[in-house]
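Q: Before anything else, here's the structure in question.
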Amino acid sequence: MNVPPHLLRHLMGLRAVVRLRTGVLRAPKAFDFPAVGGPLVVGALGGSGTRAVVDILREAGVFLGGTLDPLTNDSLAMRAFLYRWFRPLVQAHETGKPFSKRAFDWLETAVSLHLEAMPEATQLWGWKNPRSMWLIPFFQERFPSMRFLHLVRDPRDMALSRNRFLLRTQGRFLLSSGSGSDPVADQLQLWTRGNTLARDAGSQLQTGHYMVLRYEELCLEPAQSAARILSFLGIRSSSDLIERCTALVQPAKGLGRGQTLTADGRALPTSTRRLMEELGYDSGGDTSKEAPFRTG
């Protein structure tokens, strides 16, 4: 029987939630997670192009989970964890309260499920879920040696993106004014807040364990970007590996669509423009020929 893709994704997600809840209900135990370089966490505002990064990482031999969403490559175990704990953990960090021990128990179980199919204990490992960028301090508390690969994309593109999952599900919670009648303005605010939090938290990681990569840079200079990613992870690169990674980068059809925002005279919020410039973007012009931005 052929199962429609959207139904298959839904069923896989439900199975992950059930397995996670079942595992947590058992007596908590400490898991011996691989220590090699890990974990590597990939985060962004959803729709920024993290799937392209996952393709490169998997080609380089990084284990990113055995059970992934077939469309987004998100870890289903970590998605189930975030479904339960995203809001409480964001609130705890914002108010300066300690993170719940129960949340760490859930994390232990989620990561153990995520690693079930890992073939080698010495393999580099991690996960990709865009919402992870909001929870870096929590993950760092459990995994002090974690690495975070922070993918950013021009907020003008993101404002017009059809991927508004986070805005739809968490907009009222995450935005100071709540999500309103202008989704473009809300997306810009979400981009600014989330990427600011991720940049600030990433800068608190161990030296050399935080990397920012612009999606536009990945598309314009795939070979150089792939080499940076491999260097960030301490993976020895070769011309053959770089060539294979480069072939995996397929720029999104909507790349550069956001230029119409400023072309139509729409003013970007000051905080958004400031962060854009800090990340190497031209906040008022064409980004197609911008110089590569380097952090990490």
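Q: Within the stretch 180-189, is there a residue that is closer than 22 Å to residue 42 by Cβ and of a type outside the set (A, V, I, L, M, F, W, C)?
A: Taking every residue of the stretch 180-189 in turn, at least one turns out to be closer than 22 Å to residue 42 by Cβ and of a type outside the set (A, V, I, L, M, F, W, C).
Q: Which condition from (1) modelled with pLDDT of 95 or more; (2) under 30 Å from residue 61 (Cα atoms) is the one that residue 237 breaks?
A: (1)
Q: Any residue that is modelled with pLDDT under 90, surrounded by fewer than 22 Cβ atoms within 10 Å (Cβ to Cβ) and closer than 25 Å to residue 229 by Cα - is there at least one of those in the stretch 165-172?
A: no
Q: Would you point out which residue out of 188, 197, 213 is surrounded by 15 or more Cβ atoms within 10 Å (Cβ to Cβ), touching a Phe, Trp or Tyr at 6+ places or on another chain (Cβ under 8 Å) and not polar (S, T, N, Q)?
A: So the residue among 188, 197, 213 that is surrounded by 15 or more Cβ atoms within 10 Å (Cβ to Cβ), touching a Phe, Trp or Tyr at 6+ places or on another chain (Cβ under 8 Å) and not polar (S, T, N, Q) is 197.
Q: Moving on to the next point. So which residues in the stretch 100-115 are closer than 10 Å to residue 81 by Cα and among the hydroxyl-bearing types (Ser, Thr, Tyr), if there are any at all?
A: The answer is 109, and nothing else.
Here is a yes/no grid of residues against (1) of a type in the set (Val, Ile, Thr); (2) under 19 Å from the mean Cα position of the chain (by Cα); (3) under 26 Å from residue 171 (Cα atoms):
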residue: 95; (1), (2), (3): yes, no, yes
residue: 100; (1), (2), (3): no, no, yes
residue: 106; (1), (2), (3): no, no, yes
residue: 115; (1), (2), (3): no, yes, no
residue: 119; (1), (2), (3): no, no, no
residue: 124; (1), (2), (3): no, yes, no
residue: 129; (1), (2), (3): no, yes, yes
residue: 132; (1), (2), (3): no, yes, yes
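Q: How many residues does the stretch 229-259 hold that are in contact (Cβ under 8 Å) with a residue 40 or more places away in the chain and not in a loop (DSSP other than H, G, I, E, B)?
A: Here the count works out to 8.
Q: Right, here's the next one. What number of residues within the stretch 189-228 satisfy the criterion of being part of a strand (DSSP E or B) and of a type in the set (Phe, Trp, Tyr)?
A: Within the stretch 189-228, residues that are part of a strand (DSSP E or B) and of a type in the set (Phe, Trp, Tyr) number 1.
Q: May I pose another question? How about the stretch 120-156: which of its residues are of a type in the set (Asp, Glu) and surrounded by 24 or more Cβ atoms within 10 Å (Cβ to Cβ)?
A: Hit for the stretch 120-156 is 154, nothing else.
Q: Filter the helices (runs of 4 or more DSSP H) completely within the stretch 1-106 down to those with at least 3 residues that are over 30 Å from residue 238 (Cβ atoms) and either among the small types (Gly, Ala, Ser) or modelled with pLDDT under 95 (or both).
A: Because the criterion is at least 3 residues that are over 30 Å from residue 238 (Cβ atoms) and either among the small types (Gly, Ala, Ser) or modelled with pLDDT under 95 (or both), the helices (runs of 4 or more DSSP H) in the stretch 1-106 that meet it are 5-25, 76-95.
Q: Just name the residue that is farthest from the chain's Cα centre (by Cα) out of those in the stretch 249-286 that are modelled with pLDDT of 85 or more and among the hydrophobic types (A, V, I, L, M, F, W, C).
A: 268
Q: List pairs: first residue in the stretch 271-285 and in contact (Cβ under 8 Å) with a residue 24 or more places away in the chain and in a loop (DSSP other than H, G, I, E, B), second residue acidic (Asp, Glu) and surrounded by 20 or more Cβ atoms within 10 Å (Cβ to Cβ) anywhere in the structure, Cβ distance under 7 angstrom, at least six positions apart or on different chains.
A: 281/154
Q: Here is a follow-up. How do the pairs read when you match residues in the stretch 180-191 that are over 16 Å from residue 276 (Cβ atoms) with residues anywhere that are part of a helix (DSSP H, G or I), using Cβ under 6 Å and keeping only pairs 6 or more apart or on different chains?
A: 186/167; 186/171
Q: May I pose another question? For the stretch 162-181, check the following and say yes or no: at least one residue is among the aliphatic types (A, V, I, L, M), within 21 Å of residue 284 (Cβ to Cβ) and not in a helix (DSSP H, G or I).
A: no
The values are calculated or read from the model by the stated rules, or taken from the named source; none is laboratory data. Keep in mind that what you see is a predicted model, and the values were worked out from it rather than measured. We place every Cβ from the backbone using ideal geometry, glycine too, and count neighbours over all the protein chains shown.
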